[in-house]
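Here's the structure we're looking at; comments come further down.
The values are calculated or read from the model by the stated rules, or taken from the named source; none is laboratory data. Quantities reported herein were computed from a predicted structural model and do not represent experimental measurements. For neighbour counting, all protein chains shown are included, and Cβ atoms are generated from backbone atoms with ideal geometry for every residue, glycine included.
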Amino acid sequence: MDTKLRYILNTFISAYNKLDKDIVIHCKEVAFLTLSICDALSLDKDTKKDLIVSAYLHDISASKTNFLDTLRKFDTVEYHEHCLYGYVFFDTLVPSNTFCKYILYHHEPYNSNNVVNNMEIPLESNILKLADDISIFKLLNNNIAIDKIREFLNSRKNLYNPIYLNALLSPKGSEALKKLLDNSYLETLDNYGDEISVRNIDFIKFVEAMAFILDFKCEITNIHSQTVSLFSVLLAKEFNLPDIFEIRIGSLLHDIGKMGVPDSILKKPSYLTPEEFDIMKKHVEYTYEILSNLKNEKIVKIASNHHEKLNGKGYPRGISDLSFSEKLVAVADIFAALIQKRSYKNQYSKEKTIEILLNCVHNDEIDSTIVNKIIENYDYFIDMNLKLNEEFHNKLNLLKNKYELLFSSL
Ligand SMILES: [Fe+2]
Ligand SMILES: [Fe+2]
Ligand SMILES: [Fe+2]
Ligand SMILES: [Fe+2]
């Protein structure tokens with residue numbers, strides 16, 4: 001079973017749209033203009049695909065809120081940081097990808113010598129620069145006419161490769177600009193995205209990267225998504241469940257909706273007030289909304305039902321009719337929270353953790369067979385989690401070191 005690339009990219013950008021409401025539109029506009037230039041120049045299909053993927057994901061640094069205000073600026077040196085961050089993020093978390101080199105240079109003017117750490121500037125990264133500038137110009141000016149865009153581009157034409165600029169100013173390019181302005185471009189973009197499928201193995205790499213965005217946003221819940229996923233997969237294997245793939249994806253992204261919860265609540269170092277807790281609870285609805293883009297009902301349900309209880313007293317819907325996989329991820333979520341340190345509590349001992357889990361079973365909140373499996377395999381699960389912790393921190397350090405190395409080479 002392959003997944004359409006477009007579903008994954010849309011999920012990604014709708015997750016960070018929770019931080020900046022213009023991100024989805026901006027990324028899709030950049031992707032569409034990039035696609036139009038590639039088509040006008042008949043670029044080969046692999047380069048085209050890499051450019052479209054990087055167009056969707058080029059502003060991933062939006063997940064770091066201190067970069068947010070650089071996204072609306074052009075021609076400032078501040079952009080370097082977010083380009084480097086985007087590059088390092090995907091270079092580390094989606095290994096062997098061929099698209100992140102374009103993200104690194106997506107603001108670089110034509111003929112630039114701003115080479116980072118001896119990494120060649122790919123010619124085509126200037127397509128992203130051109131597309132990005134148009135989208136930002138449109139964002140900053142309401143109801144812009146096509147002539148204004150042409151004027152804007154002509155006034156700064158030395159920044160763009162003339163081949164790409166001419167492609168956009170040609171009759172075919174003008175058609176694309178018209179589609180951009182009347183919003184009919186989405187159909188063209190979706191049609192392209194429908195043609196491209198992603199193998200499950202690559203899908204998982206993207207999803208792991210996506211889970212990292214959340215785990216980076218909130219250091220307190222750091223690694224939580226990965227731990228829930230580890231326990232869910234281990235349990236699914238114990239029970240020989242046929243839908244391990246969906247469980248893995250759904251558990252990795254179960255809390256992705258927390259992207260929409262303000263940092264002041266997410267990182268609060270004490271218990272939440274009832275009002276704050278109501279806002280926190282909204283994360284499951286956001287998870288549902290973001291993951292709906294994946295068009296996979298099973299994954300969406302596994303992810304967004306993780307706070308439902310067997311007795312119907314959970315949230316958001318208070319349903320009790322849950323599949324075994326949904327029940328399993330709900331238990332893995334509680335188990336992970338108990339053994340992890342949180343802003344308002346320390347990690348619990350084995351005895352205390354088991355006592356709380358059994359108490360939840362007693363209250364008819366969670367499934368007893370799943371809890372028994374945890375008790376049976378407790379030490380093994382904790383061991384596996386220690387290994388995961390080590391891997392996670394190694395990856396994090398790799399990412400930080402790469403970023404610092406590149407930054408110091410500027
Ligand atoms: Fe950018
Ligand atoms: Fe951008
Ligand atoms: Fe949650
Ligand atoms: Fe969770």
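Details
- Restricting the range 104-138 to residues that are hydroxyl-bearing (Ser, Thr, Tyr) and surrounded by 18 or more Cβ atoms within 10 Å (Cβ to Cβ), the residue that is nearest to ligand 3 (Cβ to nearest atom): Ser135
- Residues that are among the small types (Gly, Ala, Ser) and over 16 Å from Glu187 (Cβ atoms) within the range 14-60 comprise Ser14, Ala15, Ala40, Ser42, Ser54, Ala55, listed in sequence order.
- Scanning the range 267-318 for residues that are within 22 Å of Phe12 (Cβ to Cβ), among the hydrophobic types (A, V, I, L, M, F, W, C) and more than 11 Å from ligand 3 (Cβ to nearest atom) gives Ile290, Leu291, Leu294, Ile299, Val300, Ile302.
- The one condition from (1) part of a helix (DSSP H, G or I); (2) surrounded by fewer than 15 Cβ atoms within 10 Å (Cβ to Cβ) that Gly173 does not meet is (2).
Rundown of residues vs (1) in contact with a Leu (Cβ under 7 Å, 6 or more places away or on another chain); (2) touching a residue at least 40 places away in the same chain (Cβ under 8 Å), yes/no style:
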site	(1), (2)
Asp364	yes, yes
Asp379	no, no
Asp383	no, no
His393	no, no
Leu396	no, no
Leu399	no, yes
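- Apart from one condition, Phe90 fits all of (1) surrounded by 22 or more Cβ atoms within 10 Å (Cβ to Cβ); (2) outside any helix (DSSP H, G or I); the exception is (2).
- Taken as a whole, the structure leaves Lys309 outside the set of residues that are touching a Cys at 6+ places or on another chain (Cβ under 9 Å) and either of a type in the set (A, V, I, L, M) or modelled with pLDDT under 95 (or both).
- For the range 204-256, filtering for residues that are among the charged types (D, E, K, R), in a loop (DSSP other than H, G, I, E, B) and either under 18 Å from Asn394 (Cβ atoms) or within 16 Å of ligand 2 (Cβ to nearest atom) (or both) leaves 1.
- Looking across Asp243, Asp255, one residue alone is away from ligand 1 (no atom under 16 Å from the Cβ), over 19 Å from the mean Cα position of the chain (by Cα) and not hydrophobic (A, V, I, L, M, F, W, C). It is Asp243.
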